[in-house]
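Below: the structure, in structure tokens.
Laboratory data are not the source of any read-out in this text; all were calculated from the coordinates shown. These numbers were taken from a predicted model, which means no experiment stands behind them. We place every Cβ from the backbone using ideal geometry, glycine too, and count neighbours over all the protein chains shown.
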Amino acid sequence: MLFLLQGNQIRGSIPLGLGNLTKLHSLMLHENELSGEILSQIGNLSSLVTLNLSNNHLVGHIPCEIGHMKHLVALDLSSNDLFGKIPSSIGGLTELTSLYLYGNQLSRQIPRELGYLLNLKDLQLGINTLSGSIPRNLHNLTNLTVLILARNKLSGLIPQKIDYLSNLEYLDLGDNILSGSIPNSIENLTKLTALYIFINQLSGHIPRELGRLVNLVNLDLGTNTLTGSIPNSIGNLTKLTALYIFINQLSGHIPRELGRLVNLVNLDLGTNALTGSIPNSIGNLTKLTALYIFINQLSGHIPRELGCLVNLEQLMLSNNTLTGSIPNSIGNLTKLTSLYLDNNLLSRHIPRELGRLENLEQLMLSNNTLTGFIPNNIGNLTKLIFLYLDNNQLSSQIPRELGYLVNLDSLGLSYNTLTDFIPNNLGNLTELASLYLDNNQLSGHIPQELGYLANLEWLSLRNNALTGPIPNSLGNLTELKRLYFG
């Protein structure tokens with residue numbers, strides 16, 4: 001007998017009478033508006049093979065009587081508001097192949113009795129508040145293909161015998177407080193396509209043995225305290241589409257071998273202590289849409305080969321010690337929405353080729369030693385929301401074409417040597433919240449048209465050579481919080 005009422009808007013509690021349906025094989029009440037507790041009488045459904053109560057508003061404890069349903073193959077209580085511990089009686093459901101308890105408020109330790117579920121293929125306990133260590137005997141679950149324990153409060157070490165789970169394809173231990181090193185034994189999980197160990201307290205080196213996991217598609221080791229260099233063997237993982245190693249304490253050079261990862265879509269090495277230059281081989285990664293290498297200690301020139309990354313949407317190289325000019329080839333990256341090159345030692349002119357990047361929303365070039373004038377074709381970038389060119393050595397006039405950037409929220413041109421008048425058509429930028437023109441050599445009157453900037457909150461014009469009166473129109477700027485003329 002089947003009882004299928006999923007995907008409706010059924011409200012109220014689970015009726016007590018369901019406990020009388022002892023011949024029921026499948027009970028599917030997921031994706032409704034059920035509330036109240038799971039009654040202990042559910043344990044009377046001794047013929048049940050599938051129980052799905054997910055995506056409701058159920059509260060209270062998981063009743064220990066659930067362990068009476070010895071024929072259960074699939075148990076899904078996910079995405080409710082259940083709390084308390086996972087009952088150890090679940091360890092008696094030895095025919096289970098899938099157990100989903102994620103997205104609740106379950107706490108305390110994962111019961112070691114789960115190690116008896118030898119037929120289990122899919123175990124998902126993520127998004128709870130489970131604590132303690134990962135039970136050692138989970139390595140008995142050698143049929144597991146999916147293990148998700150993410151977003152809990154699990155501590156201790158990653159079990160050394162995790163390699164017993166040789167059928168694992170998806171392993172997510174992210175967002176816990178696991179410590180110690182990544183065990184070398186993980187190299188034996190050769191079927192893995194996804195490995196997530198982000199946001200923990202893992203230390204030590206990235207084991208070079210990870211390079212044997214040649215089926216990996218996603219690898220996320222971000223936000224730990226990993227040290228040492230990025231192993232060259234990562235270059236063997238040619239199926240990778242996402243590689244995240246950000247916010248660690250990694251040092252040494254970016255290995256040239258990363259240029260072999262031609263299927264990469266996302267590469268994030270940001271916030272480490274990487275040194276040396278950006279390898280030219282990164283230009284081979286033509287499927288990349290996001291490249292983050294900000295907040296490191298990289299030096300040398302930006303390789304012109306980055307201009308081959310024609311699918312790139314986000315390029316962030318800020319907060320390094322990169323030198324030389326911005327390569328003209330960056331103008332080939334016409335899908336870019338964000339370009340962050342700020343806080344480096346870049347010099348020479350801003351290339352006119354940046355005017356081709358008509359999808360740009362954020363252009364950050366501040367805190368470099370750029371010289372020359374602001375190219376007037378920056379006015380082509382009409383999707384720009386943030387434009388920061390401050391703290392450089394830019395000279396000449398502010399181009400009138402900046403008045404075409406009608407979506408700008410913030411414009412920073414301060415601390416340069418810009419001269420002549422403030423263009424009156426900056427009054428067209430009615431979305432502006434911040435306008436920084438201070439510490440230049442601007443002259444002439446403050447244009448009345450600045451009074452049209454009704455959303456302006458910050459206006460800084462100090463330390464210039466402006467003359468004439470303060471225009472009355474500035475009285476229209478009722479959102480203004482900071483005004484600097486000194």
Residue that is within 30 Å of L357 (Cα to Cα) and under 31 Å from the mean Cα position of the chain (by Cα), where the choices are G403, G372, G412
G412
When you look at I278, is it within 30 Å of Y164 (Cα to Cα) and part of a loop (DSSP other than H, G, I, E, B), yes or no?
no
Say whether the condition of being surrounded by fewer than 16 Cβ atoms within 10 Å (Cβ to Cβ), of a type outside the set (G, A, S) and under 25 Å from G180 (Cβ atoms) is met by at least one residue in the range 262-280.
no
Here are L298, L291, L258: which of them is part of a strand (DSSP E or B) and either within 15 Å of the chain's Cα centre (by Cα) or of a type in the set (A, V, I, L, M) (or both)?
L291
Tell me which of these S329 doesn't satisfy, since it passes every other one: (1) without any contact (Cβ under 8 Å) to a residue 40 or more places away in the chain; (2) assigned to a loop (DSSP other than H, G, I, E, B); (3) not aliphatic (A, V, I, L, M).
(2)
Do we find that G126 is under 18 Å from Y196 (Cα atoms), under 23 Å from the mean Cα position of the chain (by Cα) and in contact (Cβ under 8 Å) with a residue 12 or more places away in the chain in this structure?
yes
Looking at the range 103-122, which of the residues that are crowded, with 23+ Cβ neighbours inside 10 Å and more than 17 Å from N80 (Cα to Cα) is nearest to the chain's Cα centre (by Cα)?
I110
Would you check if S395 is outside any loop (DSSP other than H, G, I, E, B) and either free of Cβ contacts under 8 Å to residues at least 60 places away in the same chain or more than 18 Å from S338 (Cα to Cα) (or both)?
yes
Those residues that are under 19 Å from N218 (Cβ atoms) and either touching a Lys or Arg at 6+ places or on another chain (Cβ under 6 Å) or touching a residue at least 60 places away in the same chain (Cβ under 8 Å) (or both), I need them from the range 145-166; list them, please.
T145
Answer with yes or no whether S329 is in contact with a Cys (Cβ under 9 Å, 6 or more places away or on another chain), more than 18 Å from L418 (Cβ to Cβ) and either of a type in the set (D, E, K, R) or buried (at least 16 other Cβ atoms within 10 Å of the Cβ) (or both).
yes
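Looking at L291, L354, L309, which one is under 24 Å from N416 (Cα atoms) and buried (at least 18 other Cβ atoms within 10 Å of the Cβ)?
L354
Among the residues of the range 352-374, write down those that are farther than 19 Å from N440 by Cα, assigned to a loop (DSSP other than H, G, I, E, B) and not aliphatic (A, V, I, L, M).
Once the filter is applied, which keeps residues that are farther than 19 Å from N440 by Cα, assigned to a loop (DSSP other than H, G, I, E, B) and not aliphatic (A, V, I, L, M), the range 352-374 yields E358, N359, E361.
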Please note which strands (runs of 3 or more DSSP E) are completely contained in the range 121-170 and include at least 2 residues that are among the hydrophobic types (A, V, I, L, M, F, W, C).
146-148, 153-157
Those residues that are assigned to a loop (DSSP other than H, G, I, E, B), of a type in the set (S, T, N, Q) and under 21 Å from P469 (Cα atoms), I need them from the range 406-451; list them, please.
N439, N440
